[in-house]
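In what follows, a structure is listed as structure tokens, so that the remarks can point back to it.
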Amino acid sequence: MTNFKEKILVTFPAFLICLVPLLLITGPFLSDLCIVLVCIFFLINIFLNKDYTYFKNKFFLFFFIFFIYLFINSLIKFYDYNNIRSSLGYIRFGIFSLGVAYFIEKEKRLLKWVFSIFLICFLILIIDGYTQYFFKENIIGTPVDIQSGRIRFLFNDEYILGSFLSRLFPIFLGISFIIFKNKKKLIIPISILFVFVEVLIFLSGERAAFFYNTLAAIFIIIMINNFKKIRLITLLSSFAVIFLISTYDDTAKKRVWDQTIDQFGFNSPKINIFSPIHQSHYLSAYRMFQDNKLMGVGIRNYRNFCHNPKYITHYYSCTTHPHNTYVQLLAETGFIGFSFGLILFFYFVFKMLNHLVGALFKKHYLFSDFQICLLASILITIWPFAPSGNFFNNWISIIYYYPVGFFLWTIKNKKK
């Protein structure tokens, strides 16, 4: 391959992969366009080189079967063309994961580029987030109202800052472990950055994001071999700062602690699943499942069916999705679609138990520290016992499948 061809077919899509975290900040359009281009360049490379081995792995086989089911489901449960378009377009996420693995293999500088982009993204969001918290305006001078105890995402009015940070933070952490493996002195300033990120997740007011970050941190501390003490110290330092903030800032305390306790119903005779509104979503979704047990009501159809009086359980029960991945799969794809998520979760648990047993009794680690960080990001995606975003949302799907590509590369690299 000539240098020019290599730059077009390899370096350019590799750079696009690095830009994904930055483009996610701008919203769904540019990030989605980016992954489509990565898929196109990946397929061009595959067909030109006639190297189809990337399609011959367990992940893509499992994903492809799931994709075929989604397409069949959308045809049978046809509501409008958006359902078919969503199911057909879903194939790009699996191909994107393969593309990430492929271009990491071909472009040796990609991991360093990704680290740099992550660093830029996190620094921008940290500066913007703390600017909102202390000065009640973002870095571009737009006034914000954080009386509700929540910090907005940069460039839009959505409250997804915590979700973005908590889901991508484990990937950034894992790449940092690789970059600073032989430069342990430099891990100290980057650890300070980690504390700023975790505290900002708390200040964002997104309780699910705060839970996911804590879950991922505990998982990483238990499972990794190196950097265990550093990760533990950063987590404890973050909790110490959060405790001080909760002591002096009544708004942050009420949003994350007091409101959570009240919505769970711990101070009342009736206990709720997360909150009365979340519980109403789950009950509505369960009623849909009861009427459509095998295949559900169809992907993205919760929003279309929740207006039906037989599914209304609360004034706020009708929304775009039921705010839990497994409940959504149960309602929209039935037991068949739900079983894919269940199989994936139990397979994950099985592998993690093997890793833990090997580490404790044989001093043998099934996965590297980098892989554990990637798996922590995947754990957040497949964790069943917490609220989550719309499983079929393009923006969140990019975040779901981004770490999978890195993990597929580590498996291929480990075999070599």
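Which far-off residues, 5 or more places away or on another chain, put their amide H under 5 Å from the one on Gly296, with H placed in the peptide plane?
Gly334, Phe335
Would you please name the chymotrypsin sites (Phe, Trp or Tyr not before Pro) within segment 351-393 that are DSSP coil residues with at most 10 other C-beta atoms within 10 Å of their C-beta? Write out the running numbers ahead of the final one.
Values: sites: Phe361, Tyr365, Phe367, Phe370, Phe385, Phe391, Phe392; in loops: Tyr365, Phe367, Phe385, Phe391, Phe392.
Counting only loop positions with at most 10 other Cβ atoms within 10 Å, the chymotrypsin sites (Phe, Trp or Tyr not before Pro) in segment 351-393 are Phe385.
With +1 assigned to the C-beta of every Lys and Arg and -1 to the C-beta of every Asp and Glu, and no other charges, what is the dipole magnitude of segment 1-143 about the Cα centre in debye, to the nearest 20? Intermediate results must be reported in sequence, preceding the final value.
Details: 13 positive and 8 negative charges, 87 e Å.
Approximately 420 debye in magnitude.
Taking +1 at the Cβ of each Lys and Arg and -1 at the Cβ of each Asp and Glu, which of Ala252, Phe62, Trp409 sits farthest along the dipole of the chain towards its positive end, judged by Cα position relative to the Cα centre?
Farthest towards the positive end: Trp409.
I need the fraction of alpha carbon pairs in the chain separated by more than 28 Å, rounded to a whole percent. Don't jump to the answer; show the numbers that get you there.
Working: 44301 of 86320 pairs.
Cα-Cα pairs in the chain separated by more than 28 Å: 51 percent.
Give the cysteines in the chain for which no other Cys Cβ lies under 4.7 Å away, or write none if there are none.
That list is Cys18, Cys34, Cys39, Cys121, Cys373.
Return the whole-Å distance between the Cα centroid of segment 1-58 and the Cα centroid of segment 250-291.
41
Where in segment 304-333 are there chymotrypsin sites (Phe, Trp or Tyr not before Pro) that are in a DSSP coil and have at most 15 other Cβ atoms within 10 angstrom of their Cβ?
On the way: sites: Phe305, Tyr311, Tyr315, Tyr316, Tyr326; in loops: Tyr315, Tyr316.
The qualifying sites are Tyr315, Tyr316.
Quick one: plug the Kirkwood hydrodynamic radius of segment 267-416 (C-alpha pairs) into Stokes-Einstein at 10 °C, 1.306 mPa s, and report D in µm²/s.
Values: Rh = 17.2 Å.
Calculated translational D: 93 µm²/s.
Count the net charge of all other residues whose Cβ sits under 12 Å from the Cβ of Glu206, scoring Lys and Arg as +1 and Asp and Glu as -1. Please list the in-between numbers first.
Details: positive: Arg150, Arg152, Arg167, Arg207, Arg255; negative: Glu158.
Around Glu206, the surrounding residues sum to +4.
Report the calculated FRET efficiency for Asn3 and Lys136 (r = Cβ-Cβ distance, R0 = 51 Å), to the nearest 0.05.
0.50
Show that you can apply the helix-only estimate: for the chain, add -39,500 (n - 2.57) for every DSSP H stretch of four or more residues, divide by all residues, and state [θ] at 222 nm to the nearest 500. Walk me through the intermediate numbers first.
Details: 18 runs with 284 residues, N = 416.
The helix contribution divided over the chain gives -22500 deg cm²/dmol.
Report the local net charge at Cys318: Lys and Arg +1, Asp and Glu -1, summed over other residues whose C-beta lies under 15 Å from its C-beta. List each step's numbers first, then the result.
Details: positive: Arg287, Arg300, Arg303, Lys310; negative: Glu332.
Neighbourhood net charge equals +3.
To the nearest 20 debye, what is the magnitude of the charge dipole of segment 209-352 about its Cα centre, counting +1 on the Cβ of each Lys and Arg and -1 on the Cβ of each Asp and Glu?
For segment 209-352, the charge dipole is close to 280 debye.
Select from the chain the helices, each a whole stretch of DSSP H, whose alpha-carbon atoms run 30 Å or more along the helix axis and whose Kyte-Doolittle mean is at least 1.6; answer none if there are none.
Working: long enough: 28-49 (31 Å, 2.21); 110-135 (37 Å, 1.77); 228-248 (31 Å, 1.30); 325-357 (37 Å, 1.34); 394-415 (32 Å, 0.17).
Sorted by number, the helices that extend far enough and score high enough are 28-49, 110-135.
Say each of Leu75 and Ile178 gets a label point 7 Å from the Cα, pointing the same way as Cα to Cβ; how far apart are those two points in nm?
Simple spin-label model gives 4.0 nm for this pair.
Testing the spin-label approximation: label points 7 Å from Cα along Cα→Cβ at Asn354 and Asn226. State their distance in nm.
2.4
Quick check: net charge around Lys7, other residues with Cβ under 15 Å of its Cβ, Lys/Arg +1 and Asp/Glu -1? Can you show the working numbers first?
On the way: positive: Lys5, Lys106, Lys108, Arg109; negative: Glu6, Glu107.
Summing Lys and Arg as +1 and Asp and Glu as -1 gives +2.
Do the alpha carbons of any pairs in Lys136/Lys253; Lys351/Lys414; Lys108/Lys228; Lys58/Lys112; Lys56/Lys106; Lys7/Lys112 sit beyond 21 Å of each other, and which pairs? Please list the in-between numbers first.
On the way: Lys136/Lys253 18 Å; Lys351/Lys414 16 Å; Lys108/Lys228 27 Å; Lys58/Lys112 28 Å; Lys56/Lys106 18 Å; Lys7/Lys112 17 Å.
Correct reply: Lys108/Lys228; Lys58/Lys112.
Can you give me the C-alpha center-to-center distance between segment 218-240 and segment 71-148, rounded to a whole angstrom?
Cα centroid of segment 218-240 versus Cα centroid of segment 71-148: 26 Å apart.
Could you point to the residue in Phe211, Leu123, Asn45 farthest towards the positive end of the chain's charge dipole, with +1 and -1 charges on the Cβ of Lys/Arg and Asp/Glu respectively?
My answer, from the dipole projection, is Asn45.
Dipole of the chain, Cα-centred, from +1 at each Lys and Arg C-beta and -1 at each Asp and Glu C-beta, to the nearest 20 debye? Walk me through the numbers on the way to the answer.
Numbers: 40 positive and 20 negative charges, 333 e Å.
It comes to approximately 1600 debye.
Mean 1/r over all different Cα pairs, inverted: what Kirkwood radius does segment 79-169 give, in Å?
Values: mean 1/r = 0.0620 Å⁻¹.
It is 16.1 Å.
A short reminder: the numbers here are calculations on the coordinates, not readings from a lab. Everything numeric in this text was worked out from a predicted model, so none of it was measured. Cβ atoms come from the backbone with ideal geometry, glycine included; neighbour counts cover every protein chain shown.
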